[in-house]
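To start, the structure under review is shown below, and the notes come after it.
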Amino acid sequence: MIAWWLRHDRRISDNSCWLFTLEEAAKTGEEVKVFFAWNRLHLATGIGGIPRMSALRIDWTQQDLQMMRTELAKHGLSLEETEGSALDWLRANRPSTLTYSFAVAHEERQDEDQLRPLVKRIQGFWTHSILEPDAIPGGFNQLPEVFTPFRHRIERENLRFKLPPLLVEPNVESPTSSSLAFPFEPGEASALARLISYMGNPEGAAEYKTRRNGLLGTEYSTKFSPWLASGALSPRRIWQACLNLEESLGGSPEVEWIRVELLWREYFQWVAYRAGSRLFIKKGFREQSPRAGFNARAFQRWVDGLTGDDFVNAGMRELAETGYSSNRARQNLASYLIHDLGIDWRYGAAYFEAQLLDYDPASNWANWAYLAGVGNDPRPVRRFNTIKQAQDYDANRAFRKAWLHES
Ligand SMILES: Cc1cc2nc3c(=O)[nH]c(=O)nc-3n(C[C@H](O)[C@H](O)[C@H](O)COP(=O)(O)OP(=O)(O)OC[C@H]3O[C@@H](n4cnc5c(N)ncnc54)[C@H](O)[C@@H]3O)c2cc1C
């Protein structure tokens with residue numbers, strides 16, 4: 001039997017792992033089983049007793065698996081979910097071949113290491129990133145310490161992808177909203193519909209760079225992140241969709257900036273891959289830990305959106321109620337916890353991990369480390385003045401009114 005261990009690669013189109021699994025089954029005549037491991041042990045609680053996954057993120061993931069189950073059924077396959085680990089599942093099922101997508105973060109890689117002795121043939125694939133480690137310009141071992149040289153190296157490569165045709169029909173429509181940032185459903189069909197609608201909207205991708213610091217509604221940024229995190233959307237497909245749009249517009253710095261942001265994601269994937277467990281320790285990549293500690297009451301007030309700062313409070317309430325937060329808000333929420341409340345950044349990162357629908361270990365922990373001054377930032381301190389930020393980005397208080405439910 002061939003087993004596909006479904007992880008953050010929950011799509012059918014542009015998925016080398018899925019294609020290999022199907023081809024192998026056709027060649028050998030073996031049965032295919034697809035499984036997803038919740039690994040409740042990992043999910044119990046993390047630092048400070050913070051749950052690893054909020055009810056919102058569990059619900060989103062369950063719905064996503066349901067969508068995947070529907071797609072797999074079209075190929076005569078079912079999807080097994082196990083409460084335990086992938087290791088438990090393999091011990092019980094003993095496949096001859098195991099296929100899966102590689103992960104970059106420490107814990108997920110430990111999961112992979114555990115499986116190796118158990119299966120005769122293991123085939124891994126890079127489906128979550130634009131590049132594979134061997135294809136990183138200058139070599140993975142020469143990964144720059146900061147983002148800009150990484151970006152320039154990749155830009156010099158003029159990356160283009162010839163993507164295979166879509167194997168899943170996109171939803172007919174993708175919702176838009178002027179108030180809610182993320183009114184979307186999980187799954188590949190919704191992800192593809194959003195890609196098509198955002199790329200085609202003259203006030204969407206074509207104005208991305210200008211509007212990306214917005215706080216309200218669907219169109220100020222791509223909102224691709226939750227689908228990127230689950231794997232419903234391939235970063236290569238987005239990259240190529242941007243290039244196609246740029247070409248049709250005769251060049252567009254607005255659209256090009258989406259690719260710059262995708263490179264931040266890419267950079268942090270490889271930073272996490274190289275860092276291993278160091279990404280999750282207080283001192284990060286520095287010699288000395290920051291002096292921050294933990295104040296349970298102040299932390300809880302931050303979580304509940306009850307600090308003395310109404311801009312931060314609005315952001316925290318949006319995050320708690322929806323599982324989404326804009327990049328502008330995230331930077332302020334994190335900076336406030338680290339620099340205004342003086343709390344150890346890892347507590348904030350752990351809360352975001354639980355809460356964010358788009359939780360991605362590399363993007364989350366590397367962004368937090370960056371803001372805490374222990375990551376890949378040439379500047380020692382990256383503190384946001386949240387009062388000024390509110391004036392600059394929420395001058396009419398629309399964001400605060402919406403999330404503090406002010407009339
Ligand atoms: C403290 C903090 C925690 C974060 N945690 C996560 C996380 O767990 N998962 C996650 O996907 N992003 C995370 N981000 C990055 C960023 O905030 C989100 O990717 C972005 O807000 C998602 O909305 P969008 O898809 O509309 O982004 P857009 O502005 O449309 O950007 C397009 C894509 O580029 C990537 N991207 C943009 N900014 C960043 C960035 N700073 N770092 C890495 N990738 C980026 C994302 O994949 C995003 O979908 C975090 C940022 C901060 C400051």
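The values are calculated or read from the model by the stated rules, or taken from the named source; none is laboratory data. As the structure is a prediction and not an experimental result, all values here were calculated from the model. Positions of Cβ are backbone-derived with ideal geometry, glycine not excepted, and every protein chain shown enters the neighbour counts.
The table below lists the values:
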| item | result |
| --- | --- |
| Condition broken by Asn213, with the remaining ones in (1) within 10 Å of the ligand (Cβ to nearest atom); (2) touching a residue at least 60 places away in the same chain (Cβ under 8 Å); (3) part of a helix (DSSP H, G or I) satisfied | (3) |
| Hits in region 32-63 (condition: among the charged types (D, E, K, R) and either in a helix (DSSP H, G or I) or surrounded by fewer than 14 Cβ atoms within 10 Å (Cβ to Cβ) (or both)) | Arg40, Arg57, Asp59 |
| Residue among Tyr220, Tyr208 that is of a type in the set (Phe, Trp, Tyr), in contact (Cβ under 8 Å) with a residue 40 or more places away in the chain, within 10 Å of the ligand (Cβ to nearest atom) and not in a helix (DSSP H, G or I) | Tyr220 |
| Test: residue in region 286-306 that is crowded, with 17+ Cβ neighbours inside 10 Å, within 15 Å of the ligand (Cβ to nearest atom) and within 24 Å of Arg57 (Cβ to Cβ) | yes |
| Residue within region 225-241 that is among the charged types (D, E, K, R), in contact with a Leu (Cβ under 6 Å, 6 or more places away or on another chain) and modelled with pLDDT of 95 or more present | yes |
| Criterion violated by Ser174 - all others in (1) more than 9 Å from the ligand (Cβ to nearest atom); (2) under 28 Å from Gln62 (Cβ atoms); (3) under 16 Å from the mean Cα position of the chain (by Cα) satisfied | (3) |
| Test set (1) surrounded by 21 or more Cβ atoms within 10 Å (Cβ to Cβ); (2) within 11 Å of the ligand (Cβ to nearest atom); (3) not in a helix (DSSP H, G or I) - Pro226 fails condition number | (3) |
